[in-house]
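Here's the structure we're looking at; comments come further down.
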Amino acid sequence: PYVYVVAQPRVRVRDIVIDTRDDHGNGLFAMGVILKSHLLNPKDYRIHYELLDPAGKVVSYGHRDLKLDMQREDTVRFLDNISNVMAWSHEAPYLYTAVIKTQYEGRFGEYLVLPVGFRSLSFKEGKMSVNEVPVELHATEFAMTSDIATTTEQLRALRKQGYNTLLPDVPQPKWFYEVCDELGMYVVEHCAINPTAESTNRTVGGTPSNNPSLADEYLDRVRGAYYRTRNHSCIIAYSLAGPA
């Protein structure tokens, strides 16, 4: 298991939601930044963003002002159209970079960097298309190691063998999805649910998956998987659980 301990200021970025689309070279960039205050007195904040293309050139930027008080939270939204966008796919995993900065009384508080891929995902008659191009998925189960460099080399080897989709059996550390973004590997994310005990018992409560008292725990793990990985270009679907 992986545990992350993160220290943030008392007015902090609680969440970031990024949505992108590619439409024949025209890119839609939409981002919501949720700012949360743990203070009682009101504060005026400014949230800045920049979007850099794969070569490091700034292609979009801006800021929004926000006042928070009494331990409230609110969302600022940014929207822009990016011309001549370089789309992300398993064949060409172009990544842009979103930079978010918070500012109070001239001082910057947080500085966050996220990779951004422009891609449109659709399913029709059981077939997946990326950027309106049908894609044939070649999937394999994958058990990562604890070492980033070794895992990266293993994924490169899988790409050379023709695989483009990974089926992890458990949630992976954050860096795993970043590597998959960079290499152009699709991932079906697996929620942290593996209820294998007493799988033949079909009575109510006979298995964890059929126990109403565990519904909140199941939903919490599903939400955790979604919110943790939703901004990654590599994620194409979610597997809710292993065999029950």
Which residue, A92, A192, A149, tops the fluctuation ranking in a GNM of the chain built on C-alpha contacts under 10 Å?
A149
Around F142, what is the net charge, scoring Lys/Arg as +1 and Asp/Glu as -1 over all other residues with Cβ under 15 Å from its Cβ?
-2
Excluding ligands, DNA and RNA, what is the solvent-accessible area per residue of the chain at a probe of 1.4 Å, expressed in Å²?
58 Å²
Free-standing Cys residues across the chain, given no other cysteine C-beta under 4.7 angstrom
C191
Just tell me which lysines come within less than 30 Å, Cα to Cα, of K43; anything on the same chain fewer than 8 places away is out.
K67, K101
Would you mind telling me the share, in percent, of accessible area of the chain contributed by carbon and sulfur at probe 1.4 angstrom?
51 percent
By its C-alpha gyration tensor, with a ≥ b ≥ c as the square roots of the eigenvalues, how is segment 1-48 shaped: rounded for a/c under 1.5, else prolate for a/b larger than b/c, else oblate?
oblate
Please list the three semi-axes, largest first and in whole Å, of the ellipsoid equivalent to the chain, using sqrt of 5 times the eigenvalues of its alpha carbon gyration tensor.
33, 27, 17
Once you list every other residue whose beta carbon is under 9 Å from the beta carbon of A87, what net charge do they have if Lys and Arg are +1 and Asp and Glu are -1?
0
Between H63 and I34, with labels modelled 7 Å along Cα→Cβ, what's the label distance in nm to one decimal, could you check?
2.5 nm
If you build a Gaussian network model of the chain, linking Cα atoms that sit under 10 Å apart, which residue out of V133, V85, V11 swings the most?
V133
For D44, tell me the accessible area in Å² from a 1.4 Å probe, rounded to the nearest 10.
90 Å²
Given 5 Å bins starting at zero, what is the percent of C-alpha pairs of segment 112-241 in each, up to the one with the largest pair distance?
2, 9, 17, 19, 18, 14, 10, 7, 3, 0
Please express the Cα-Cα pair-distance distribution P(r) of segment 1-97 as a list of whole percents, one per 5 Å bin, running from 0 to the bin with the greatest distance.
3, 11, 19, 18, 14, 13, 11, 7, 3, 0, 0
Given the whole protein assembly as supplied and a 1.4 Å probe, what does the accessible area of E105 come to in Å², nearest 10?
130 Å²
Ignoring everything except DSSP H segments at least 4 long, calculate the 222 nm mean residue ellipticity for the chain; use -39,500 (n - 2.57) per segment, divide by total residues, nearest 500.
-5000 deg cm²/dmol
Just tell me which aspartates and glutamates come within less than 12 Å, Cα to Cα, of K124; anything on the same chain fewer than 8 places away is out.
E132
Determine the relative contact order of segment 51-203: mean sequence separation of Cα pairs under 8 Å and six or more apart, normalised by residue count, in whole percent.
17 percent
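The values are calculated or read from the model by the stated rules, or taken from the named source; none is laboratory data. Bear in mind that the values here come from a model prediction, so they are computed numbers and not experimental data. When we count neighbours, we look across all protein chains shown, and the Cβ atoms used for this are built from the backbone with ideal geometry, even at glycine. We work out accessible area using only protein heavy atoms, side chains counted, and drop any ligands, DNA or RNA first. Shrake-Rupley method; radii C 1.70, N 1.55, O 1.52, S 1.80 Å.
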